[in-house]
C-alpha cells in the first residue's frame with residue numbers, strides 16, 4: 001500500500017517543549033487503481049492505424065485465353081517513368097506519336113494537368129464517356145517505387161478508370177535516354 005509520510009523531522013534539541021505533530025498519511029491506492037483503469041480503457045477503445053492499400057486488378061498468368069485488343073491511337077496515353085523523379089508522356093505510338101513527347105513531373109501542375117486535359121479531349125473527340133482515355137504506365141529500371149505509387153495516385157485523383165502497367169520497350173528506353181531522364 002502506498003502512503004505519503006510528512007512527519008516533522010528532528011528531536012527535542014532546543015530545550016523548548018513542543019507538541020508532537022501527527023504525521024499526515026495519504027493513501028494513494030485508489031489513485032493507482034484509477035490510473036490503471038484509465039490506461040486500460042484507452043488501450044481498448046483506441047483503434048490502431050490501418051494500412052492504406054489500393055486495389056489493383058492483375059490478369060491471371062495461367063490463363064491461355066488472352067486476346068489482344070486494338071485501340072485507337074488517339075485514346076492511348078503512354079507514361080514513361082524515368083530517373084530523378086521525372087517522367088515523359090506522349091499520345092499514340094512511340095514511333096509516330098500524335099503529340100510530341102513531353103517531360104513532366106508529378107503533382108497538380110505536372111502529369112495530373114496533362115491527364116485531365118487529355119481525358120477531356122478524348123471524350124470530346126469520341127463523344128462517348130465509356131470510350132475514355134487509356135493510360136499505359138511503363139516504369140523503367142531507373143524509376144523508384146515512390147514514383148510508381150505516385151503515378152497510381154494520380155490515376156485515382158484524375159479519375160482515370162482504364163490504365164495498365166506495361167513493361168517498357170527498347171524504343172521507349174531510347175526516348176528516355178535521348179531526353180536525359182534515363183541514367
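The values are calculated or read from the model by the stated rules, or taken from the named source; none is laboratory data. Just so you know, these numbers come straight off a predicted model, no measurement behind them. Here Cβ is always computed from backbone atoms with ideal geometry, including for glycine, and neighbour counts include all displayed protein chains.
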Return the total of residues in the stretch 162-171 being farther than 17 Å from residue 114 by Cβ and either in contact with a strand residue (DSSP E or B) (Cβ under 8 Å, 6 or more places away or on another chain) or surrounded by 12 or more Cβ atoms within 10 Å (Cβ to Cβ) (or both).
6
Of all residues being in a helix (DSSP H, G or I) and touching a residue at least 12 places away in the same chain (Cβ under 8 Å) in the stretch 172-183, which is surrounded by the most Cβ atoms within 10 Å (Cβ to Cβ)? Just the residue, please.
176
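From 167, 154, 117, which residue is in a loop (DSSP other than H, G, I, E, B) and free of Cβ contacts under 8 Å to residues at least 60 places away in the same chain? Before the answer, list the steps.
Details: 154 fails: in a loop (DSSP other than H, G, I, E, B); 117 fails: in a loop (DSSP other than H, G, I, E, B).
167 is the lone residue from the list that is in a loop (DSSP other than H, G, I, E, B) and free of Cβ contacts under 8 Å to residues at least 60 places away in the same chain.
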Please name all residue pairs, on different chains or six or more residues apart, with Cβ atoms under 8 Å, provided the first residue is in the stretch 92-107 and is without any contact (Cβ under 8 Å) to a residue 24 or more places away in the chain and at negative phi and the second residue is surrounded by 12 or more Cβ atoms within 10 Å (Cβ to Cβ) and part of a loop (DSSP other than H, G, I, E, B).
104/86; 104/110; 105/85; 105/86
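Which is modelled with pLDDT of 75 or more and over 31 Å from the mean Cα position of the chain (by Cα), of 38, 80?
Details: 80 fails: over 31 Å from the mean Cα position of the chain (by Cα).
Only one candidate passes the filter, namely 38.
Which residue out of 56, 115 is out of contact with any strand residue (DSSP E or B) (no Cβ under 6 Å at 6 or more places or on another chain), within 16 Å of residue 151 (Cβ to Cβ) and modelled with pLDDT of 90 or more?
Values: 56 fails: modelled with pLDDT of 90 or more.
Among 56, 115, only 115 is out of contact with any strand residue (DSSP E or B) (no Cβ under 6 Å at 6 or more places or on another chain), within 16 Å of residue 151 (Cβ to Cβ) and modelled with pLDDT of 90 or more.
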Within the stretch 127-149, is even one residue under 18 Å from residue 71 (Cα atoms), loosely packed, with under 14 Cβ neighbours inside 10 Å, touching a residue at least 12 places away in the same chain (Cβ under 8 Å) and in contact with a helix residue (DSSP H, G or I) (Cβ under 8 Å, 6 or more places away or on another chain)?
no
